[in-house]
1. Would you please give the residues with an amide H less than 5 Å from that of residue 49, counting only those at least 5 places away or on a separate chain, with H modeled from the backbone geometry?
2. Taking R0 as 25 Å, what FRET efficiency do you get between residue 28 and residue 102 from their Cβ-Cβ distance, rounded to the nearest 0.05?
3. At 25 °C and 0.890 mPa s, grab the translational diffusion coefficient of the range 18-71 from Stokes-Einstein with a Kirkwood Rh over Cα pairs, rounded to a whole number in µm² per second.
4. Between residue 69 and residue 21, what is 0.36 nm times their sequence separation minus the Cα-Cα distance? Round to one decimal in nm.
5. Under the rule of at least 5 residues apart or a separate chain, name every residue whose amide H is placed under 5 Å from the amide H of residue 32.
Amino acid sequence: MATAASAARVTLFEDIFEVTALNPEGKKFDRVNRLSATGTTFECDLLLDINCEIYSLLEGEKMTLVLASTLNLDGSPDDHTSYNPSQMARNEPTLADNYEYVMHGR
């Protein structure tokens with residue numbers, strides 16, 4: 001598991017958000033929910049699309065959102081074009097190890 005110090009090195013933003021509405025403008029896609037949420041620390045608003053077949057959240061639930069420059073704990077950049085499963089095969093820890101649902105890319 002990644003250490004807090006190494007995770008902090010690549011973290012650009014982190015807050016806990018409470019889901020205030022699901023699909024506030026109606027459901028547009030079968031496998032996607034649009035979440036409306038409010039940050040508990042910075043009181044910012046968030047609209048986020050997630051794959052609800054893989055990970056579902058309900059109104060009133062809380063989630064942690066982290067924006068990071070890379071998933072690599074040493075801070076080395078990702079190529080941003082593809083997921084690299086060979087990194088997992090080598091058992092190298094990544095920031096993704098700390099979370100249940102991860103979106104990665106541009």
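1. Distant-sequence amide H within range of residue 49: 35.
2. Numbers: r = 23 Å, r/R0 = 0.91.
Once rounded, the FRET efficiency stands at 0.65.
3. Working: Rh = 11.8 Å.
Estimated diffusion coefficient is 207 µm²/s.
4. On the way: separation 48, 0.36 × 48 = 17.28 nm, distance 2.81 nm.
Full extension from residue 69 to residue 21 adds 14.5 nm.
5. Under 5 Å from the amide H of residue 32 lie the amide H atoms of 52, each far enough along the sequence or on another chain.
Readers should treat all values here as calculations from the given coordinates under stated rules, not as data from a laboratory. On a predicted model such as this, the values are computed, not experimentally measured, just so you know. Virtual Cβ from ideal backbone geometry, glycine too; neighbours counted across all protein chains shown.
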